[in-house]
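Down below is the structure, laid out as structure tokens.
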């Protein structure tokens, strides 16, 4: 790579957090000798002309379209590496995390009472995959993954024994918010950080100032045509305003660089959390005639140290490549690309606001000039409404196979647009040797409830690729959505891949109405605090089974450690053998059309018949009606399942 390109990359050190917003690198013709003072003066003049008076002085560094503080590495620097191993940065992080994992595993094995010890020198590698689904997925997924619960009957601290976590769309917001807030609990975030009561697109107050700030901040990037901007910039800045610590709000100092997260957040610096990954999907044919994406489109990863793909190409897959994310030729603001699907929602609202006075987007607050509204509307033109545009770091890279070598830009979209809504792919890579994957599913598949289709689609893709390119299927068999629904596996956890140590064990945990109707609309953009807290609690109940299943913590542990035990040649613990009889999918499915899902608060999920709670099902059926009718606030998120459990005890007594 020539020095001119390296200079261009240096001027575009990454700004923002976790998921990705659209923009392009500064063109190679950009005058790298432009002084910092001159740049600030020019942009300040532009900002004043636009009415963006808050952009002045040092603030121009916060969202400016270049970074002259970054120094390019030497000529021997490896700009691109083949995707044939883990990055040095990922390896270093996992090595630092290992002592913490060892301590957590020692405690867990003792707590659950398993007699079979873990293999010497071989800790299980566990990953958590948080699905997309807007605020619904962020809130419920946070409860599942991050709300610790060490009370009796709980499954304990799953987070502490996990090596990886990945987010997609709303799941990426959960991951982003968790690490940028330094590991504060979801309940704490809901009470003291998240601003979910104010609508993400139509805030309750100061709508004009809100959008003016976002447009002004974003337009600094496009000043003098050095950066491409789009609605993703607005969306990303809006998300930062609602989910991040106050000092990183868009209207204050949105200067949190992805590569600076370890320095600003001790939990990441100390490897006290699983290694975070965010994924996006490439639209391999970004033309107006072919705007759809499908399962064959490449998946791209953003980690703490790298950007790239394990397999690229659409019609023909081949080994991909990675580049250091610090020098990626685009800015990454806040939480954009991995949720670009939601640009459609923002676009629609702004279109309505432009054409319908009764929407009240700007009404009654300021006398706004038409050209300013038009400025915001430009961001959502049909050509940009759901795409994040990246300078292609692999342009003209002369590899044996490089299907993107002639593309000047990469077009990335929401990672769930191909109906592969759970980020499983990062954990199916041989280099990571993942033993077990928690698939937290908060998808909108059937009446806004999950039906397992994301896992099914991933499995079908894995089979297809193994058939076309040879090799093994790195995914356990998964039933069809009808198979999920007809067996009730859409209502409770289930294990896939038991007795197959060549693939990761998938621990599927679906969103279910344990204590509240948590199937809210994907495009619901505001939540009362009480509602948020109820959904966090419900998410944790989905993982804990509400504490009603004896030895459930042991069974989860069995699923997490099984591959490590079997691969070491050890015998499976007899307790684990019993667990797998209850919780592993038996490979049978009823493909009959299942119809519409209608989960009801207060009803038990389809637990295995051998579980004591199901043995009491007949007794519970007799008291369910009485409990529901007797609950004074039955229409609110009351803890009906707890009431049912208590009633069942009284009935059986």
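Condition first: modelled with pLDDT under 85 and within 16 Å of the chain's Cα centre (by Cα). Can you find one or more residues in the range 316-325 that meet it? No, the conditions are met nowhere in the range 316-325. For the range 531-547, state whether one or more residues are at pLDDT below 95 and either assigned to a loop (DSSP other than H, G, I, E, B) or farther than 15 Å from residue 154 by Cα (or both). Checked against the condition, which is being at pLDDT below 95 and either assigned to a loop (DSSP other than H, G, I, E, B) or farther than 15 Å from residue 154 by Cα (or both), the range 531-547 yields no hits at all. Screening the range 55-85 for residues that are crowded, with 19+ Cβ neighbours inside 10 Å and within 30 Å of residue 270 (Cβ to Cβ) and picking the one that is modelled with the lowest pLDDT gives 63. Can you tell me which residues in the range 100-122 are surrounded by 20 or more Cβ atoms within 10 Å (Cβ to Cβ) and under 25 Å from the mean Cα position of the chain (by Cα)? Across the range 100-122, the qualifying residue is only 101. Checked against (1) touching a strand residue (DSSP E or B) at 6+ places or on another chain (Cβ under 9 Å); (2) surrounded by fewer than 18 Cβ atoms within 10 Å (Cβ to Cβ), residue 90 meets all criteria but (2). Is the range 455-470 home to any residue that is closer than 20 Å to residue 608 by Cβ, in a loop (DSSP other than H, G, I, E, B), assigned by TED's automatic domain parsing to the domain that holds residue 144 and touching a strand residue (DSSP E or B) at 6+ places or on another chain (Cβ under 8 Å)? Within the range 455-470, not a single residue is closer than 20 Å to residue 608 by Cβ, in a loop (DSSP other than H, G, I, E, B), assigned by TED's automatic domain parsing to the domain that holds residue 144 and touching a strand residue (DSSP E or B) at 6+ places or on another chain (Cβ under 8 Å). Within the range 399-432, the residues that satisfy the criterion of being touching a helix residue (DSSP H, G or I) at 6+ places or on another chain (Cβ under 9 Å), assigned to a loop (DSSP other than H, G, I, E, B) and surrounded by fewer than 24 Cβ atoms within 10 Å (Cβ to Cβ) are 417, 418, 419.
To keep it simple, each residue is scored yes or no on (1) in contact with a helix residue (DSSP H, G or I) (Cβ under 7 Å, 6 or more places away or on another chain); (2) modelled with pLDDT under 85; (3) under 29 Å from residue 477 (Cα atoms); (4) outside the structural domain of residue 479 (by TED's automatic domain parsing).
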| position | (1), (2), (3), (4) |
| --- | --- |
| 589 | yes, no, yes, no |
| 592 | yes, no, yes, no |
| 597 | yes, no, yes, no |
| 611 | yes, yes, yes, yes |
| 620 | yes, yes, no, yes |
| 623 | yes, yes, no, yes |
| 628 | yes, yes, no, yes |
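I'd like to check something: does the range 517-530 contain any residue that is over 26 Å from residue 118 (Cβ atoms), assigned to a helix (DSSP H, G or I) and in the same structural domain as residue 139 (by TED's automatic domain parsing)? Checked against the condition, which is being over 26 Å from residue 118 (Cβ atoms), assigned to a helix (DSSP H, G or I) and in the same structural domain as residue 139 (by TED's automatic domain parsing), the range 517-530 yields at least one hit. Restricting attention to the range 158-196, the residues that are over 22 Å from residue 133 (Cβ atoms) and either in contact with a strand residue (DSSP E or B) (Cβ under 8 Å, 6 or more places away or on another chain) or at pLDDT below 90 (or both) add up to 2. Is at least one residue of the range 147-157 assigned by TED's automatic domain parsing to the domain that holds residue 432 and modelled with pLDDT of 95 or more? No, because not a single residue in the range 147-157 is assigned by TED's automatic domain parsing to the domain that holds residue 432 and modelled with pLDDT of 95 or more.
The values are calculated or read from the model by the stated rules, or taken from the named source; none is laboratory data. Predicted model only: the values in this text are computed from it and were never measured. Because the Cβ atoms are built from the backbone with ideal geometry, glycine has one as well, and the counts that use them run over all protein chains shown.
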